[in-house]
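Trainee: Below you'll find the structure I mean.
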Amino acid sequence: MGPSSGLDLLVLAERAVLPGGTRAAALGVRDGRIAVVVDLDRRGDLPAARQVLELADDEVLLPGLVDTHVHVNEPGRTAWEGFDTATRAAALGGVTTVVDMPLNSVPATTTADALRVKHDAARGAVHVDVGFWGGVVPGNTRELAGLVAGGVFGAKCFTTPSGVDEFEHVSPAQLREGLAELARLGSRLLVHAEDPHVLDEAAEQVARRVAEGADPRSFALFLASRPASAEDSAVADVVAAARELRGLGPGGAQVHVVHLASASALPLVAAARAEGLPVTAETCPHYLTLDAAAVPDGATQFKCCPPVRSAQTQDALWAALEAGVLDSVVSDHSPCTPDLKLLQEDGGTGDFLAAWGGIASVQLGLPVVWTAARERGVPLERVVGWMAARPAARVGLAGRKGSLVVGADADLAVLAPEEELLVEPGSLAFRNKVTPYAGQRLRGVVRSTWLRGRRVDGADAGARPRGGLLHAAGGVVEDGPA
Ligand SMILES: [Zn+2]
């Protein structure tokens with residue numbers, strides 16, 4: 001098809017977030033990909049389009065966001081979440097690419113067979129494009145080649161109990177065994193990094209305080225049970241493993257620390273990167289915006305592991321994003337049924353120590369982070385970099401996802417950045433509408449989301465799912481229903 005043949009979609013925006021900055025642009029889309037990008041005043045040079053999307057004055061065109069940390073939980077824990085609801089919520093939040101975590105589905109994605117089961121559950125059921133992480137658990141090293149061949153973007157392990165029995169944590173030796181195999185395969189290891197010994201010690205002290213009458217509904221008590229030093233110790237070991245195994249495989253021993261929430265772990269990551277080790281780390285909207293001092297006792301919708309910490313930690317995480325020490329902001333969307341949260345308004349105990357840890361936010365990440373960024377004077381294009389281009393690049397999807405460049409999939413989000421958004425649980429598409437952001441007034445409304453050149457009708461239950469399955473090996477999209 002030559003440059004003069006017609007476009008499927010022409011997008012006209014006074015403000016478009018492009019790799020070089022925000023400017024007025026016209027984008028032509030053909031066959032689901034961005035075929036051409038020109039200055040808006042050169043729109044007349046473009047061939048005719050079957051459909052035109054002209055943004056309103058208060059709207060900004062963004063690349064669809066890339067959320068590489070989502071727990072969809074299907075199959076197996078579909079009362080918690082599922083592909084239909086999670087990806088509809090993603091689309092409503094401007095997210096067009098999701099990478100699903102290997103737990104808390106049953107089976108966990110720790111074998112090639114389990115990956116096939118997950119593909120079968122997702123096929124034809126997703127509203128955005130979805131890729132998959134595998135898992136590293138004790139004894140599954142020989143499964144990793146099959147998982148990588150099956151298209152996973154890497155594999156995740158825990159250094160401490162994960163919260164579900166079927167996904168066991170690894171010892172430092174097992175972590176190295178998994179990392180070495182993934183390096184050999186040209187893939188990467190994700191690590192939930194908290195030191196179980198530090199956590200055990202903290203838990204003992206907390207149990208003593210409860211025995212002496214401390215209230216288990218206290219957030220401060222929960223915070224004491226998951227100290228930052230547990231993260232620091234585990235991150236130090238992850239860096240040591242990357243150093244010991246450097247030189248293995250085509251890309252080295254690539255390790256990525258998920259949901260980093262400790263200010264004192266940041267210098268360890270920075271030093272590893274300065275040393276040239278392939279170590280990266282992400283953080284999440286809640287760590288950037290929720291202040292431990294403001295969490296009411298018993299408000300277990302705020303519980304996640306590691307926990308949200310102090311305002312000073314938030315400042316350090318923002319600075320680390322600015323400095324490139326943290327490469328991305330992803331949701332760690334991890335819902336469960338309300339009963340497991342032990343919510344007091346539902347008659348639960350509000351026990352922070354016993355409640356399920358996990359925050360649901362895939363639909364809200366952009367307005368949550370943008371609202372805080374705006375107050376800090378951080379421009380929108382930086383936020384978009386952390387939530388789209390950087391996570392896409394980290395999983396090998398640069399040029400395909402997360403950027404408005406010629407050749408990329410035409411995944412778009414239309415954002416009204418100044419419009420106020422009142423977070424009402426009823427407007428959330430997740431299966432369980434429990435979120436710490438309920439009642440918050442945020443800035444930034446996603447007016448529409450486009451996947452490979454087509455508008456996603458995510459708002460309607462029963463909307464036709466048109467998302468595809470992403471395979472890391474070869475970057476193939478197994479397309480959704482036409
Ligand atoms: Zn997670």
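The values are calculated or read from the model by the stated rules, or taken from the named source; none is laboratory data. For clarity, every value in this text was computed on a predicted model and none was experimentally measured. Note: ideal-geometry Cβ built from the backbone for every residue, glycine included; neighbour counts use all protein chains shown. Ligands, DNA and RNA are excluded from the accessible area calculation, which covers all protein heavy atoms including side chains. Shrake-Rupley method; radii C 1.70, N 1.55, O 1.52, S 1.80 Å.
Trainee: Restrict the check to segment 354-367 and report whether at least one residue is open to solvent by 30 Å² or more (accessible area, probe 1.4 Å) and in contact (Cβ under 8 Å) with a residue 60 or more places away in the chain. Step through it out loud before you land on a result.
Mentor: Filtering segment 354-367 for residues open to solvent by 30 Å² or more (accessible area, probe 1.4 Å) gives 354, 356.
Remaining after also requiring in contact (Cβ under 8 Å) with a residue 60 or more places away in the chain: 354, 356.
Within segment 354-367 (the criterion being open to solvent by 30 Å² or more (accessible area, probe 1.4 Å) and in contact (Cβ under 8 Å) with a residue 60 or more places away in the chain), the answer is yes, since at least one residue qualifies.
Trainee: Has segment 229-245 got at least one residue that is open to solvent by 40 Å² or more (accessible area, probe 1.4 Å) and either part of a loop (DSSP other than H, G, I, E, B) or out of contact with any helix residue (DSSP H, G or I) (no Cβ under 9 Å at 6 or more places or on another chain) (or both)? Outline the logic, then answer.
Mentor: Initial filter on segment 229-245 (open to solvent by 40 Å² or more (accessible area, probe 1.4 Å)): 229, 233, 236-237, 243-244.
Next, from what is left, pick out any that are either part of a loop (DSSP other than H, G, I, E, B) or out of contact with any helix residue (DSSP H, G or I) (no Cβ under 9 Å at 6 or more places or on another chain) (or both): none.
No: zero hits.
Trainee: Among residues belonging to segment 85-123 that are assigned to a helix (DSSP H, G or I) and closer than 13 Å to residue 429 by Cβ, point out the one that is most open to solvent (accessible area, probe 1.4 Å). Spell out the reasoning first.
Mentor: Applying the first criterion (assigned to a helix (DSSP H, G or I)) to segment 85-123 yields 85-92, 112-122.
Right, trim to closer than 13 Å to residue 429 by Cβ and you get 85-92.
Working: 85: 13, 86: 3, 87: 1, 88: 25, 89: 0, 90: 0, 91: 4, 92: 57 Å².
Among them, the one singled out is 92.
Trainee: If I filter segment 246-269 down to residues being of a type in the set (S, T, N, Q) and not in a loop (DSSP other than H, G, I, E, B), which single residue comes out as nearest to the ligand (Cβ to nearest atom)?
Mentor: Initial filter on segment 246-269 (of a type in the set (S, T, N, Q)): 254, 262, 264.
Imposing the further condition that a residue be not in a loop (DSSP other than H, G, I, E, B) reduces the set to 254, 264.
Details: 254: 19, 264: 21 Å.
Going through the qualifying residues, I end up with 254.
Trainee: What about residue 158, is it over 23 Å from the mean Cα position of the chain (by Cα) and open to solvent by less than 20 Å² (accessible area, probe 1.4 Å)?
Mentor: No, not satisfied.
Trainee: Give the residues of segment 49-84 that are over 17 Å from residue 13 (Cα atoms), surrounded by fewer than 21 Cβ atoms within 10 Å (Cβ to Cβ) and small (Gly, Ala, Ser), sorted by residue number.
Mentor: Hits for segment 49-84 are 76, 79.
Trainee: Taking the condition of being within 21 Å of the chain's Cα centre (by Cα), in contact (Cβ under 8 Å) with a residue 60 or more places away in the chain and part of a loop (DSSP other than H, G, I, E, B), how many residues in segment 295-315 meet it?
Mentor: Of the residues in that region, 5 qualify.
Trainee: Which is in contact (Cβ under 8 Å) with a residue 24 or more places away in the chain and closer than 22 Å to residue 249 by Cα, of 132, 158? Even if it seems obvious, please write down each step before you answer.
Mentor: Details: 158 fails: closer than 22 Å to residue 249 by Cα.
When all the criteria are applied, what remains is 132.
Trainee: Next up: May I ask you to say which residue of 362, 368 is of a type in the set (Val, Ile, Thr), in the same structural domain as residue 127 (by TED's automatic domain parsing) and assigned to a helix (DSSP H, G or I)? Quick ask: steps written out before the conclusion?
Mentor: Working: 362 fails: assigned to a helix (DSSP H, G or I).
Of the residues listed, the single one that is of a type in the set (Val, Ile, Thr), in the same structural domain as residue 127 (by TED's automatic domain parsing) and assigned to a helix (DSSP H, G or I) is 368.
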